[in-house]
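Engineer: First the structure, then my questions, so here it is.
The values are calculated or read from the model by the stated rules, or taken from the named source; none is laboratory data. From a predicted model like this one, the values you see are computed outputs, not experimental measurements. Ideal geometry is used to build each Cβ from the backbone, glycine not excepted, and the neighbour counts take in all protein chains shown.
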Amino acid sequence: MDVETSALEEFVVGFVPTVFYLPDYVTAAEEEQLLNNIYKAPISKWRTLKNRRLQNWGGIVHDKGLLAQGLPPWLEHVTHRIYAESKLFPSAINHVLINEYLFDQGIMPHQDGPAYVPVVAILSLGSPVIMNFTPHQSFKNAGGMTGINNDTISESAPSHMNESLSEHRPFSVALMSRSLLIFKDAAYSDYLHGIEDSELQLYDEAINVNNALLGDGQVPAISDLKIVSSSSEYGGGTIIHRTGTRISLTCRVVLKVHKSLVKLKI
């Protein structure tokens, strides 16, 4: 592990050494304050998509870079903390997407675009969820993966094309309320990440379930999380029953920053 990632060595989860899971990264009071600020934003700040809605902060991302706008102080505070404590970003975080997911909403497997530095931090608020990582199309034979939709894949090729296919197999991470997930390098470029559009999600096989990194008490006693015995559809395992809303803050860095449309030349 390099010098940059050594600060988070104790938070590495799973077999990919650049996936970090930090439970209880913010307090309940900080979570409430963040949610208050998010929902105080003007309705025009929300963009409604087919299966969720989102807010864009930091400016417009284009394949030529970022048409920048400053982050509000309440967002700058938390992003600066992530930048300073993780030591994984090359510069201050300058772009944040805030996604709102209802109990049965998710996001299709995808890879972030080439405009971003290959490291992302996701702060989860509200209802827990399972995020699935599947090998990039180039590694689709690893772990028996087939049929990944080309429309979900970035045009940029993976950075580890010469690695053995056997090293690329699917995995999932349980994202509990107030947790921070960071992934970079191979985990960023060689995998797609997504969340199923389902209120029931398999919990047992998440890579951070059995290593005491889920947070206080392993399974928080909150109304949005219900661990129930699953049906045979889930192989008799344990599932998360999502009953509330989840808010995620996806924090990234765009290196090419432009101050005007003229320089951006869209």
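Engineer: How many residues are of a type outside the set (Val, Ile, Thr) and within 13 Å of Gln55 (Cα to Cα) if we restrict to the stretch 19-42?
Structural biologist: 6
Engineer: With respect to Ile222, determine if the residue is touching a His at 6+ places or on another chain (Cβ under 8 Å) and at pLDDT below 80.
Structural biologist: No: the conditions fail for Ile222.
Engineer: Further question: Please work out which residue is surrounded by the most Cβ atoms within 10 Å (Cβ to Cβ), limiting yourself to the stretch 105-122 and to residues that are closer than 24 Å to Val257 by Cα and among the hydrophobic types (A, V, I, L, M, F, W, C).
Structural biologist: Ala121
Engineer: Then there's this: Given the structure, is Val96 surrounded by 17 or more Cβ atoms within 10 Å (Cβ to Cβ) and out of contact with any Cys (no Cβ under 6 Å at 6 or more places or on another chain)?
Structural biologist: For Val96, the condition - surrounded by 17 or more Cβ atoms within 10 Å (Cβ to Cβ) and out of contact with any Cys (no Cβ under 6 Å at 6 or more places or on another chain) - is not met.
Engineer: Checking Phe15 against (1) under 23 Å from Asp185 (Cα atoms); (2) surrounded by 20 or more Cβ atoms within 10 Å (Cβ to Cβ), which test does it fail?
Structural biologist: Of the numbered conditions (1) under 23 Å from Asp185 (Cα atoms); (2) surrounded by 20 or more Cβ atoms within 10 Å (Cβ to Cβ), the odd one out for Phe15 is (2).
Engineer: Conditions: (1) surrounded by fewer than 20 Cβ atoms within 10 Å (Cβ to Cβ); (2) out of contact with any Ser or Thr (no Cβ under 9 Å at 6 or more places or on another chain). Leu102 meets all but one. Number of the miss?
Structural biologist: Among (1) surrounded by fewer than 20 Cβ atoms within 10 Å (Cβ to Cβ); (2) out of contact with any Ser or Thr (no Cβ under 9 Å at 6 or more places or on another chain), Leu102 violates only (2).
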